[in-house]
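The values are calculated or read from the model by the stated rules, or taken from the named source; none is laboratory data. None of the values given here were measured: they were computed from a predicted structure. Please note: Cβ atoms are built from the backbone with ideal geometry, for glycine as well, and neighbour counts cover all protein chains shown. Quick note on the areas: whole protein, heavy atoms, side chains included, nothing else; ligands and nucleic acids left out. Shrake-Rupley method; radii C 1.70, N 1.55, O 1.52, S 1.80 Å.
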Amino acid sequence: MSLLLEVLRQPALIKDFDGATWNRFLSELRSQQLCARLSYIFEDRGLIDACPSPVWTELRAQRYRVEYIQSQARLEVHKVRKALSETGIPVILLKGAAYAAMNLPLSRGRLFSDLDIMVPRQALERAETAFMAAGWKTEKIAPYDQRYYRRWMHELPPLRHPAREIELDVHHAILPLTGRLKPNVELLWADSVAMQDSPFRTLGPQDMLLHSAAHLLQDGAIEGGLGGLLDLHDLIIQYQDEPGWWEDLIDRARQLDLGRPLYYGLHFTKTMLGSPIPDDISRAAAQFAPRLIGDALMKAWVPRLLTPHYPRPRPPTIPATMLYLRSHWLKMPPALLTKHLLTKALMRSQPTKSGGTRLA
Amino acid sequence: MHDPLPANRQQPAILQRPHSYMIRTGPFTTKIVTEVSSLAALHRWCYGSDHGPDSAIVNFNIRIGNGPLLRRLIAPQATFAFEGESPFQPFPRNHAFAFFEWGLNWCIATRAHQYLMLHAGALERNGFALLLPALPGSGKSTLTAALAFRGWRLLSDEFCLIDHQSGLLHPIPRAVPLKNQSIDLIRQFAPEAELGPTFERTRKGDVAHLRPPQDSLMRQFETARPRWIVFPRYRPRHPTRLAGTQKGVAFTRLAHNSFNYRLIGTTGFECLSGLIQDCDCYSAEFSDLEEIVRTLTDLAAADT
């Protein structure tokens, strides 16, 4: 069992840690990039004194990076607002940007690297033109990747302003267009919430959780996603007491075709992080479960992948490889996937200059 | 001058058990696991072998591993990993010590935000610290090394770690990388200097490391109060010159020279303002080491 998971379930355990245990815990924490986030958990629980002083110093120091990135993200949001002000294009802030703009407790210490926004698909081209005019540039990527994004993905190729550090991801849907699940974007817009003091909107609370679950369990390769699971847990804690929240969540998942990721999300937050999910909701979510074998495999593999292993096994374990393949399988129909993987393999065999920074 | 190590005492890689040991430098404890025996031996030579209890909290877990198997047969490589992640490309294995030092610098610069971190040499006399912030190529390391052999205590060659609250400087005495002509220059200037092997043709040219003087290692937990900031610049055949620098100018130069001034936000501004207020600021030009050392020592004597 991972120390980090145990501490997330029961933070007071750190009171009994000895030096060697702290060192194992810190290694897991650093490789999951959760130092700043845990520093707030310890502070909220009155556990600062339970940390040896070099530990607390290090955890607290990592808050500076997070605060810096969040301030850069606020600046980027401001620039997006300016760039689009003349166009009248509506914008929904997604994920970290939304949590921070709404001042949700879960954004404290939460590290992120890019700003995710969504615009209506019919306004996508106009939005891109406005961003280009305001100085954003498309990251230098191969023509094939450009086409890949534009034809099949749910977002533009990443944009970046040369004078700033944050990457801007402009979405028009929350999952790839070629994917198995096709949430109706119109419904997301219809339930989106206007923000105070800002022309931007956020997803409705249920949709925010469903998007987070879809991103973690449907879209990506799951690996390194303990932060993502913690997001789900924190969103549940945030909204569970609102009247009708749980019932609406199940209905909404059905409407949006996101039942499967919700089912997994609730299962894994409950079993791994001990999230307070009512039994009748777990039972209701079970209607979205896959057939027996798929269910059993996911329940065997996902915890093994999300549990911090230090050091990370190389080569990747069988569950890691299988879940990586699964993420591709869910992203595209088989024929397209074959073509895509072949093209990427050929591109990789060409000599490139990429591959890590040189030291000094 | 002898090398502290017999060259290439390496066993075949496959027979080795990794070395695992800790290094304590100033406020940081680093744990190293490596198959590269020459690296472990150089670390023992440079930093000694007594680094406190095994239960100490480790700040940096660093693994210096063997590079890809095929490369081992032709030109052996080594890899750098911090907490299991490798941010850098592999490097020639016989340069492992130099690359380790650069890699550890990267770890500190990206994580130790509890300090305002300046890229500067630092030395102490009578409890007060002299800061030598400079760009690469300005002769900072050479001047730092020279002062360390003329009555100054070496606090750091690379990082000035300034405590946010107290404004005190925390020493972090590490191997001082001397480059190209500086290697022989320091050998002549201070025959007692202990230099490690020369790593030839690295990306920064030839590099040899100066072992921190024993006194500097013994007193590595003793903080010092910053008192003088001198921007040094080596100019061949120029006379030694020490001139006052306006505090506003010094502030801007230090802000640019810092590793994390922008990142730590208002804390950085307040910390740097305090530092500038506490210090006299100068810029120095020099070509003669003895002369500039005398000038700076006189400055300290007149002022304390």
Asked for the total accessible area buried by B and A (1.4 Å probe, Å², nearest 100), one would answer 2600
Short version: ³J(HN,Hα) in whole Hz for each residue of the stretch A:233-247, in order, from phi by Karplus 6.51 cos²θ - 1.76 cosθ + 1.60 (θ = phi - 60°), x for Gly and Pro, what are they?
4, 5, 5, 4, 4, 4, 10, 4, 7, 6, x, x, 4, 5, 4
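Let me spell out the model: positive unit charges on the Cβ of Lys and Arg, negative unit charges on the Cβ of Asp and Glu, origin at the Cα centre of the stretch B:75-154. What dipole size does that give, in debye rounded to 20?
320
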Compute the accessible area of each residue in the stretch B:80-117 twice, once for its chain alone and once with every protein chain present, using a 1.4 Å probe on heavy atoms, and list those whose area falls by at least 40 Å².
B:Glu83, B:Gly84, B:Glu85, B:Phe88, B:Gln89, B:Arg111, B:His113, B:Gln114
Quick one: compute the contact order of chain B, relative version, from alpha carbon pairs under 8 angstrom and 6+ residues apart, as a percent.
16
Determine, for each peptide in B:228-238, A:31-41, the mean count of other beta carbons within 10 angstrom over its residues, then list the peptides with the highest first.
A:31-41, B:228-238
10 Å Cβ neighbours from other chains, averaged over peptide A:130-139:
0
Expressed as a whole number of Å, what is the distance separating the alpha-carbon centroids of the stretch A:104-137 and the stretch A:253-307?
30
Given a 1.4 angstrom probe, what's the average accessible area per residue across the stretch B:264-304, in square angstrom?
44
Counting partner chain Cβ atoms within 10 Å of every residue's Cβ in A:82-93, what's the average?
0
Tell me, what is the per residue accessible area of the stretch B:38-112 in Å², probe radius 1.4 Å?
39
With the full set of protein chains in place, find how many percent of the accessible area of chain A is carbon and sulfur; take the probe as 1.4 Å.
53
What size of dipole, in debye to the nearest 20, comes out for chain B about its Cα centre when the only charges are +1 on Lys and Arg C-beta atoms and -1 on Asp and Glu C-beta atoms?
680
Taking H as built 1.01 Å from N, whose amide H comes closer than 5 Å to the amide H of A:Ala142, not counting residues under 5 places away?
none
I'd like the Karplus ³J(HN,Hα) series for the stretch A:61-75: coefficients 6.51, -1.76, 1.60, θ = phi - 60°, whole numbers in Hz, and an x wherever there's a Gly or Pro.
4, 6, 5, 4, 4, 5, 4, 5, 5, 5, 5, 5, 5, 4, 4
Enter the accessible area per residue of the stretch A:1-147 (Å², integer; probe 1.4 Å; all protein chains in place).
46
Can you compute the charge dipole magnitude of chain A about its Cα centre, using +1 on each Lys and Arg Cβ and -1 on each Asp and Glu Cβ, nothing else charged? Give it in debye, rounded to the nearest 20.
1560
Antiparallel as a % of all DSSP beta bridges within the protein assembly as shown, to the nearest 5?
70
Environment charge at A:Gly259 (Cβ cut-off 11 Å; Lys +1, Arg +1, Asp -1, Glu -1)
+1
Restraint check, A:Lys15/A:Lys299; B:Lys140/B:Lys204; A:Lys79/A:Lys140; A:Lys270/A:Lys331; A:Lys79/B:Lys247, Cα-Cα greater than 23 Å:
A:Lys15/A:Lys299; A:Lys270/A:Lys331; A:Lys79/B:Lys247
Taking all protein chains in place and a 1.4 Å probe, what share, in percent, of the accessible surface of the stretch B:103-237 do carbon and sulfur account for?
49
